[in-house]
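Please read the structure below before turning to the comments.
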There are 2 protein chains.
Amino acid sequence: MIKDKKPYHHGDLRLTLLNKATDIIRQGGVESLSMRKLADQVGVSRTAPYHHFKDKNALLCAIAEQGFLLQDQAVKQIPSEHPQLTAAAMFEHYVLAYIRFANEHPETYDLMFGREIWKTGAPTESLKLVSKNSFRIWVEWIEQLQQQGLFDSGEPALRIAQASWAALHGLCRLFNDGIYVNRDDLEAIARTSAQMLISPSRS
Amino acid sequence: MIKDKKPYHHGDLRLTLLNKATDIIRQGGVESLSMRKLADQVGVSRTAPYHHFKDKNALLCAIAEQGFLLQDQAVKQIPSEHPQLTAAAMFEHYVLAYIRFANEHPETYDLMFGREIWKTGAPTESLKLVSKNSFRIWVEWIEQLQQQGLFDSGEPALRIAQASWAALHGLCRLFNDGIYVNRDDLEAIARTSAQMLISPSRS
DNA sequence: AAGCTATCTTGACAGTGTCAAAATAGAATA
DNA sequence: TATTCTATTTTGACACTGTCAAGATAGCTT
C-alpha cells in the first residue's frame, strides 16, 4: 500500500539495471560492461534492457546523469559548511572536493566527461541538461570568487571558469587514466594547481 | 641495390599497417579501427598483422609512440625559432603549440594520453620510454622558465610541471572529447590559461 | 637441391550490440 | 468475470569483433 512499485514482471527493472551497471563499471571499468552480461546478472534475457534503454549509449548516459547529480550534491554544501574561510581557502577546498569526487568515482567521472558519450556516442537530451546546469553552477561560483578579487576582473567569468575547470579536469584525467600513478601526490599537485590559478596581484 | 627493403612476401607490411591504421583512426576515430578491416584494406588476411604486432594494443602503442616523436619534434624547435621573446611570451607560445598539436592530431593525442593504453591496455616498454622522455623535456623546460622567474621558485619544478601540464592536457581533452565545442574559443581560453598559470608576483 | 625460418592464410571459437518476431503477463474494459 | 489491449520479456538471428592453433608458402642459407 506504500509506494511499493512492483508494476510488471520484474519490478522496476530499469532501476535494477542502472544500479547493477554502475556496480559493474565501478569494479571493472566501462569496458567491462556488456549488455548481455548485465542482463544475465540481473537474471533477465539479453534484450530485455533494450525496452528501458534505447541503447547501450543511453544506459551509459543515465549513469553519467546520476553522477552529475551526485557531484552537484557533494559540492553544493561546501560554502555553507565552511563559512569562515577566505576566498582563496574556499577555492582550494572546492578544488580538493572536486578531485576527491573524481578519485572516488573514477569510472562514473569518465562517463560524465569522456569521449565515449560526448564524441563517439550521443549524449541524451536529459544528460545535456543536467551537465549544462552543473557547469552553470561552476561559473556562478567563479563569478563570486572573481568579485572577491581571487581572479582577474578584466577577464569574463566564463573564460576563467573554462580555463580553471580545464585545469582541474586535466589533473583528474591524468590520474584516472593511469598516467600519473602516484596517488599520494594527488592532493599536493592539486594544491599547487589551486595556488597557481588564483592571482595574487590584479593583472 | 639501394635501400629498397622488400624483404618478404609483402614488403615491409609492418610500416604499411602502421600508416594505414593511423589513417583510419584519423578519419573515424580509434573506435573505428578494427584489426580485420585494417588487414582487409591493406590486402592481407585477418591474422597477418599479428606477426608484426602482438596485439591490437601493441599496434595502438606503436601509433602513440610515433605521436610522441612527432610532438617532440614540433615542440623542440620553438625556442630557437623565437629567441627574442620574453619568458612569458615563450611560455604562451609553447602552450599554443601544444594545443595546436593536440588539435591537429586529436586521435593520436587520445592514444598518447588516453586510458585505452595506459589504464585498460598495457603500454609497451618502448612507449613508456619515449613518453617518459617527452615529459622529461617538459620538466626541463619548466625548470628554465622557473629560473627566469616565471614560476614560484619555492615549489619543486616537477610539481609545477605536473600542474601546468595537467592544465594544458585538460584543455586539450575537453575539446578533443567534444565537451567544449566552440573551436574559436580554443586559443582564447589557452591564452587565459597561460596567463593564469604564470605568477606575476613571487608568492 | 635441401632444409630452415620468417611470413602469411584458413578455420575456428567465444564474445559483442541489437534488430525482428513471437510469447507472456498485467491492466483496462466490456 | 471474460476479453481485449498493451507493456514487458524472450527466442532466434545477423553481422561484427579480437585472436588462437594449425597449416601452407615464400625466400634465404647451406
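The values are calculated or read from the model by the stated rules, or taken from the named source; none is laboratory data. Bear in mind the structure is a predicted one, so any value in this text is a computation, not a measurement. Here Cβ is always computed from backbone atoms with ideal geometry, including for glycine, and neighbour counts include all displayed protein chains.
What do you reckon, is A:SER34 under 26 Å from B:GLU107 (Cα atoms) and of a type in the set (S, T, N, Q)? So that I can check it myself, show each step before the final result.
On the way: under 26 Å from B:GLU107 (Cα atoms): yes; of a type in the set (S, T, N, Q): yes.
Here the answer is yes, as A:SER34 does meet what is asked.
Are any of the residues in the stretch A:3-14 out of contact with any Cys (no Cβ under 7 Å at 6 or more places or on another chain), modelled with pLDDT under 95, within 11 Å of DNA strand C (Cβ to nearest atom) and basic (Lys, Arg)?
Within the stretch A:3-14, one or more residues are out of contact with any Cys (no Cβ under 7 Å at 6 or more places or on another chain), modelled with pLDDT under 95, within 11 Å of DNA strand C (Cβ to nearest atom) and basic (Lys, Arg).
So which pairs qualify, if the first residue must be in the stretch A:41-59 and farther than 16 Å from A:VAL30 by Cα and of a type in the set (A, V, I, L, M, F, W, C), the second must be modelled with pLDDT of 95 or more and near DNA strand C (Cβ under 7 Å from one of its atoms), the Cβ gap must be under 9 Å, and the two must be at least 6 apart or on different chains?
Listed pairs, sorted by first residue: A:PHE53/A:MET35.
Looking for something within 14 Å of chain B (Cβ to nearest Cβ) and either within 16 Å of DNA strand D (Cβ to nearest atom) or exposed (fewer than 14 other Cβ atoms within 10 Å of the Cβ) (or both) - is there at least one such residue anywhere in the stretch A:42-57? Quick ask: steps written out before the conclusion?
Quick first cut of the stretch A:42-57, residues within 14 Å of chain B (Cβ to nearest Cβ) only: A:56-57.
Cutting the leftovers down to either within 16 Å of DNA strand D (Cβ to nearest atom) or exposed (fewer than 14 other Cβ atoms within 10 Å of the Cβ) (or both) gives us A:56.
Scanning the stretch A:42-57, I find at least one residue that is within 14 Å of chain B (Cβ to nearest Cβ) and either within 16 Å of DNA strand D (Cβ to nearest atom) or exposed (fewer than 14 other Cβ atoms within 10 Å of the Cβ) (or both), so the answer is yes.
Across the stretch A:22-41, what is the total count of residues that are surrounded by fewer than 17 Cβ atoms within 10 Å (Cβ to Cβ), part of a loop (DSSP other than H, G, I, E, B) and within 12 Å of DNA strand C (Cβ to nearest atom)?
Looking only at that region, the number is 1.
Looking at the stretch A:68-116, which of its residues are among the small types (Gly, Ala, Ser) and within 14 Å of chain B (Cβ to nearest Cβ)?
Residues satisfying the conditions are A:ALA88, A:ALA102, A:GLY114.
Looking at the stretch B:75-106 only, could you name the residues that are acidic (Asp, Glu) and under 12 Å from B:LEU168 (Cα atoms)? Before you say what the answer is, go through the steps one by one.
Going residue by residue through the stretch B:75-106, those that are acidic (Asp, Glu) are B:81, B:92, B:104.
Answer for the stretch B:75-106, where residues must be acidic (Asp, Glu) and under 12 Å from B:LEU168 (Cα atoms): just B:GLU92.
So which of A:ARG191, A:ARG100 is in the same structural domain as A:PHE68 (by TED's automatic domain parsing), without any contact (Cβ under 8 Å) to a residue 60 or more places away in the chain and of a type in the set (Lys, Arg)? Before you say what the answer is, go through the steps one by one.
Numbers: A:ARG191 fails: without any contact (Cβ under 8 Å) to a residue 60 or more places away in the chain.
Just a single option satisfies the conditions, and that option is A:ARG100.
Take residues that are surrounded by fewer than 21 Cβ atoms within 10 Å (Cβ to Cβ) and tell me which of the helices (runs of 4 or more DSSP H) falling wholly in the stretch B:59-160 contain 3 or more.
Working: elements: B:78-81, B:87-104, B:106-113, B:125-147.
Output list reads B:78-81, B:87-104, B:125-147.
Which of the residues that make up the stretch A:161-201 are among the acidic types (Asp, Glu) and either outside any loop (DSSP other than H, G, I, E, B) or touching a helix residue (DSSP H, G or I) at 6+ places or on another chain (Cβ under 9 Å) (or both)? Before the answer, list the steps.
Keep residues of the stretch A:161-201 that are among the acidic types (Asp, Glu), which gives A:177, A:184-185, A:187.
Correct list: A:ASP177, A:ASP185, A:GLU187.
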